[in-house]
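Only one structure is covered here, and it is reproduced in the block below.
The values are calculated or read from the model by the stated rules, or taken from the named source; none is laboratory data. Given the structure is predicted, the values throughout are model-derived calculations rather than measurements. Here the Cβ positions follow ideal geometry from the backbone for every residue, glycine too, while neighbour counts run over all protein chains shown.
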Amino acid sequence: MKKMNLFSSKIAIIIGFLISGSAFATEQTPVVLNFFFDSQLSPMVGLSCSSEKECRDKCQNSNHCQKPVSTCLNCVGTKSPYLNDFFNNAGGLTTACYQQGFLTNQAESLFKYATMVPIFSVSPYSSLDLADQSFALRFLSLCPFGSTLEPIAISIVDSVTHAVLGVPMVKCGVSIFPLVRTGEDCAKKADQVLNYINQEKAKQDLIETSYQNIVKAGNSLSLKYEVVQYSPFTEVQYLGCATGSEPVCQKLCHSSMSCAIPLENDATSTGITNFNQGQFTSCGMERFSSEILMTYLNSKDSFSFNSFSLSQSFNPPVSKGGFSDLSIINSILGTFGGIFQNADNAQGGSFIISEAYQKILQAKMQTFCDDSSNAFIMGHKGQVERVFCRSGQNGYFKIIANLGESCTAKVGQLSISNMRNLQ
């Protein structure tokens, strides 16, 4: 615990050496791999591009070339032989091959296909004393002599088990060099990294092809869908995969068994209040389509809720001064009296949906589905789009239009949205 506290206290020092992954480089600068911390101090990996268009092209139409770094299991202390060896020998028996700089040109491929965990001089995974000055000096020597750059060692982990497979690279500024043990061939080690990238690309290509094939044809795909509680005030979309549907879970969360995809609380809270406020009519039944379901699992701004998952909270944004901005929640309370109640054990002005309001919503939701079906209200950016009437594993969908919306316009709008969110 002492090490973790010291690690947290030094994060600010480390951030000084890092470049935000959403920044754009100059036209002459190659695509650069970056490791950094977001506003919540969560470790991220990203690409710096020459333009926003290039970032979108390289990141499958994403506005930001960045994503969370992988988790690392059984990595603390001496549990991983690869990490233990690295911390004991970095800068000694383990050195960088500066003549093999061509790995720098693999930044985009590493971002897309490699499952990586960065290692800094102050690391929670280290079995050494975090104040060990000897290790700090050895770690700095991984970058070229006289360099003022902070080295970032790059470990690769198994995309399924999240176990460390090795620490084959070090990043020094924009450059990436292979790491070798004394007597190990530099060119051979660089080739091993390239082979790893190619193998991971082949795996992902196979999963992507299988995913696209079964999603487009899988109207009766065996998928178990639920919205379940992850923490007292957080819910996730749970997806269980069975024989024939494994590529869906592999694509979404690197598991052939199941997925747990977080839901954005603010989007869900807005969706719930919009559903209450609106007067909706059904635009007809759509048979179950895994392709439609994927539009809500793939999109970060989607929401989904049902009568068994209405313990949503609304946490007001915190201002720069550290105070909760209660104006938004006060506005909601004033507009929708009786919807929210104070959360008994919540901090920072959290509210949860009241029991009385849950019953009102349950009755309204169920009007769109048969008595034997469970109704899930789904949409994007707080806007209600569909009801998923789940019966057994699959069920059926209904597009619903708000008062003033025509069904023809709503169906056309969702057709365009589906294509965009499936990318």
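Just a few scattered comments:
- Selection of the range 360-379 for residues being of a type in the set (A, V, I, L, M) and part of a helix (DSSP H, G or I) yields Ile360, Leu361, Ala363, Met365.
- Residues in the range 120-142 that are among the small types (Gly, Ala, Ser), surrounded by fewer than 21 Cβ atoms within 10 Å (Cβ to Cβ) and in contact with a helix residue (DSSP H, G or I) (Cβ under 8 Å, 6 or more places away or on another chain): Ser127, Ala131.
- Counting only helices (runs of 4 or more DSSP H) that fall entirely inside the range 1-103 and contain at least 1 residues that are of a type in the set (S, T, N, Q) and either modelled with pLDDT of 50 or more or over 16 Å from Pro118 (Cα atoms) (or both), the qualifying elements are 2-9, 81-89.
- Being outside any helix (DSSP H, G or I) and touching a residue at least 60 places away in the same chain (Cβ under 8 Å) is a property that Ser109 lacks.
- Whenever a residue of the range 38-55 is not assigned by TED's automatic domain parsing to the domain that holds Ile152, it has no partner that is assigned to a loop (DSSP other than H, G, I, E, B) lying with C-beta atoms less than 8 angstrom away and at least six residues away or across chains.
- Scanning the range 178-191 for residues that are surrounded by 14 or more Cβ atoms within 10 Å (Cβ to Cβ) and without any contact (Cβ under 8 Å) to a residue 60 or more places away in the chain yields a count of 1.
- Residue count for the range 68-112 under the criterion of being among the β-branched types (Val, Ile, Thr) and within 29 Å of Ser255 (Cβ to Cβ): the result is 4.
- Whichever residue in the range 279-321 is among the aromatic types (Phe, Trp, Tyr) and in a loop (DSSP other than H, G, I, E, B) and, among such residues, is modelled with the lowest pLDDT: Phe308
- Filter pass, Lys201 being in a strand (DSSP E or B), charged (D, E, K, R) and surrounded by 13 or more Cβ atoms within 10 Å (Cβ to Cβ): no
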